[in-house]
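A.B. asks: If you scroll down you'll find the structure; I have some questions about it.
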Amino acid sequence: MLVCLDVSYRDNFACAAGVRFRDWSDAKALHEKIVHVEKVEPYLPGQFYRRELPCLLAVLQTLSRIDTAIIDGYVWLDGDSKPGLGAHLYQALNQKMAVIGVAKTRFHRVDHVCEVIRGKSKRPLFVTSVGIQRELAVQYIRSMHGNNRLPTLLARADYLCRHGRKQV
């Protein structure tokens, strides 16, 4: 099983969303979950994971049998040595779940990132991974459903966390 995860913030509240699916080419989710998290950590430059990681873990606790998580962000911030959100998630899960990071903007210090062009977009996505070979992660992200830059189910997770945030 696979899951796309995203988090949206409002003041000191967060809304985390998980979209669970079976195959990389799926257009529809098997299950969607929104979790509201109160009293999130403030944003600290270079320590974004402290704010977002508890939110991702909260939504993952509501989902079962996940093999790979796809997050909006980076796994590594500097090659394969400085952990980003995805590497922290991988460690928090005791290295039992592969994590693929899909970022929409280039982080200036990341040099071991694969650029993926999807659909008709001329702007790439930036893919990093842990627990799965980067080249395989790139193939999977390319094969995900959707004609747009952002795969359908990753965009769905983004929509759910932003829409669910309004209810907080």
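A.B. asks: Stokes-Einstein diffusion coefficient for the stretch 48-143 at 10 °C in a medium of 1.306 mPa s, Rh from the Kirkwood formula over Cα pairs: what value in µm²/s? Could the numbers behind the result be given before it?
C.D. replies: On the way: Rh = 13.5 Å.
Taking Rh from Cα pairs, D becomes 118 µm²/s.
A.B. asks: Same structure again: Mind putting a number on the dipole of the chain about its Cα centre? Charges go on the C-beta only, +1 for Lys and Arg and -1 for Asp and Glu, and I need it in Debye to the nearest 20. Don't skip to the answer; put the middle values down first.
C.D. replies: Details: 25 positive and 16 negative charges, 98 e Å.
Using only the charged Cβ atoms, the result is roughly 480 debye.
A.B. asks: What's the exposure ranking of 67, 6, 72, going from fewest to most Cβ atoms within 10 Å?
C.D. replies: With the sparsest Cβ surroundings first, the list reads 67, 72, 6.
A.B. asks: Let me ask something else. Rounded to the nearest 5, what % of the DSSP beta bridges within the stretch 2-165 are antiparallel ones?
C.D. replies: 75 percent
A.B. asks: Which is the longest run of the chain containing none of the trypsin sites (Lys or Arg not before Pro) found in DSSP loop states (not H, G, I, E, B) with at most 15 other C-beta atoms within 10 Å?
C.D. replies: 123-165
A.B. asks: Further, regarding this structure: If you compute percent of Cα pairs over 25 Å apart for the structure shown, which of (1) 25; (2) 38; (3) 33 do you land on?
C.D. replies: Given (1) 25; (2) 38; (3) 33, the calculated one carries the label (1).
A.B. asks: To continue, here is another question. Among 8, 40, 137, which residue has its Cα furthest toward the positive end of the charge dipole of the chain, with +1 on Lys/Arg Cβ and -1 on Asp/Glu Cβ?
C.D. replies: Towards the positive end, the residue furthest out is 8.
Throughout, read-outs are computed from the coordinates displayed, never taken from laboratory work. From a predicted model like this one, the values you see are computed outputs, not experimental measurements. Here Cβ is always computed from backbone atoms with ideal geometry, including for glycine, and neighbour counts include all displayed protein chains.
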